[in-house]
Amino acid sequence: MTLQPIRCPGCGLWPVISTNKVGPGGYSILEPNLCVSFRCYGFCPFGLDCGYDHPDEFSIHGTLELSVQALVAALHRVSERNKRDVYVCNICREKPRGPPSVIPVGETFHAPYCTACGNFYFQPYVQSLSLLLLKTSTNHYEVFKKSVDEASKLLPVEFQVPFMYESHRWATSRFSWSLFNSRNAQDVMTYLLGMVNEKRITKFRRILSVGAGRGYTEHLMKKSCPDGVEVLAFDRDSVDIPRAAKFSVPVRFGTPDTLLCYEDLKDTVLFLSWPPFGSQVNNESTMAHDALVNFEKKGGEVLVYVGDPTATGDWRYHEALLSRWDAEEKFSTSVDLWVPEKMGLIYAGNDQVRIYKKLATPRVIPPVQWVLQSK
């Protein structure tokens, strides 16, 4: 991905140093790693995703009281002010010269923002509330999601979608897209061990994840593994994982081709959690398909797939599952969900955890339905 340079809304400067980081930096030869948004405003809209140096995320605006009650109260004050058509940016203190401009939050929701500094009028309160709950969750995804759901009910209705969108953004940055939890991991492991006991699959000694992201789901799988089973996690962007987002399974640099480095994967379970969504027609974002094909080439027989089938993987991946793999219909585990409508999104509200076994003989299937529906 080619990153576009970002003009500093505070200084009006363009970066003078070419970098491959996300965020407003690269403006100073003397301080190439400086986040100028924090320098100008004490706030960075990129938050945990910013690749440049700034103070503790929770030192936003030194006078800002960081408690759930205080932040909720601040958002209610902003709501009352906006109802009177009084808009004042809480970041740069500028007022619009006319009706406020709006930009999307997610795909279906729009909110007014400050054209002077580029931040929404609900900031820094929405982001600060999300980050506060993230900090107090102490690396427990379920605790974070529950606290987010409870806090959302306390907010003015017009800020509920931005808050859920923002919270999901940080959850994805710290944990994963899916709300896969320790119970799901234990259910998966119990079923796999049952397949071994029934001699339906070879006794496995490793679970190998491609596209592991932050390694959170792999961390949960490791906790459920019996002695003698290791969990390996690979991701092409592993070097960009924030230090705070690392769990018990180290995420190493790797791509689907990493599977070809193994001599035999018959004793391995392939784990794919929310592989990137590809085209319904073209060969785009083919990671899941490529990983599955390479796994098959090395004798792999068991797949664990976590994700929404309508929002993950490309058409060739799903065609391969239909033709060459058989879903274990007896396996079932319920997954908590981020509701797309509550985040201003359309898709990704049908998370599933499925276990597949390689077929000895591929089945004949009709032409891929995605392709037919797209014509």
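The values are calculated or read from the model by the stated rules, or taken from the named source; none is laboratory data. A quick note: this is a predicted structure, and the numbers were derived from the prediction, not measured. Neighbour counts run over all protein chains shown; Cβ positions are idealised from the backbone, glycine included.
Between residues in the stretch 315-337 that are among the polar types (S, T, N, Q) and residues that are modelled with pLDDT under 95, which pairs lie under 6 Å by C-beta distance while being six or more apart or on different chains? Once the first residue is among the polar types (S, T, N, Q) and sits in the stretch 315-337, its partners that are modelled with pLDDT under 95 give 323/362; 323/363; 323/365.
Please tell me if residue 274 is in contact (Cβ under 8 Å) with a residue 60 or more places away in the chain, under 26 Å from residue 161 (Cβ atoms) and in contact with a His (Cβ under 6 Å, 6 or more places away or on another chain). For residue 274, the condition - in contact (Cβ under 8 Å) with a residue 60 or more places away in the chain, under 26 Å from residue 161 (Cβ atoms) and in contact with a His (Cβ under 6 Å, 6 or more places away or on another chain) - is not met. So how many residues does the stretch 295-311 have that are within 20 Å of the chain's Cα centre (by Cα), in contact (Cβ under 8 Å) with a residue 40 or more places away in the chain and either part of a loop (DSSP other than H, G, I, E, B) or farther than 15 Å from residue 265 by Cβ (or both)? Residues that pass the stated criteria total 6.
When residue 231 is tested against (1) in contact with a Leu (Cβ under 6 Å, 6 or more places away or on another chain); (2) under 29 Å from residue 134 (Cβ atoms); (3) among the β-branched types (Val, Ile, Thr), exactly one condition is not met: (1).
Would a scan of the stretch 281-298 turn up a residue that is acidic (Asp, Glu) and crowded, with 24+ Cβ neighbours inside 10 Å? The answer is no; no qualifying residue exists. The residues listed here are 258, 268; of these, the one that is of a type in the set (Val, Ile, Thr), at pLDDT 95 or above and farther than 22 Å from residue 191 by Cα is 258. Residue count for the stretch 133-173 satisfying the condition of being within 24 Å of residue 247 (Cβ to Cβ) and touching a Phe, Trp or Tyr at 6+ places or on another chain (Cβ under 7 Å): 7.
One residue is enough: does the stretch 191-199 have a residue meeting the conditions modelled with pLDDT of 95 or more, part of a loop (DSSP other than H, G, I, E, B) and either out of contact with any Leu (no Cβ under 8 Å at 6 or more places or on another chain) or among the basic types (Lys, Arg) (or both)? Scanning the stretch 191-199, I find at least one residue that is modelled with pLDDT of 95 or more, part of a loop (DSSP other than H, G, I, E, B) and either out of contact with any Leu (no Cβ under 8 Å at 6 or more places or on another chain) or among the basic types (Lys, Arg) (or both), so the answer is yes. The set of residues in the stretch 271-301 that are of a type in the set (A, V, I, L, M) and out of contact with any Ser or Thr (no Cβ under 8 Å at 6 or more places or on another chain) comprises 291, 292, 293. On the basis of being closer than 19 Å to residue 348 by Cα and of a type in the set (A, V, I, L, M, F, W, C), does residue 251 make the cut? Taking the combined requirement at face value, the residue does not satisfy it.
Mind checking which residues of the stretch 98-118 are touching a strand residue (DSSP E or B) at 6+ places or on another chain (Cβ under 6 Å) and touching a residue at least 24 places away in the same chain (Cβ under 8 Å)? Residues satisfying the conditions are 104, 105, 111, 112. Residue count for the stretch 82-127, restricted to those that are more than 29 Å from residue 339 (Cα to Cα) and in contact with a Leu (Cβ under 6 Å, 6 or more places away or on another chain): 0.
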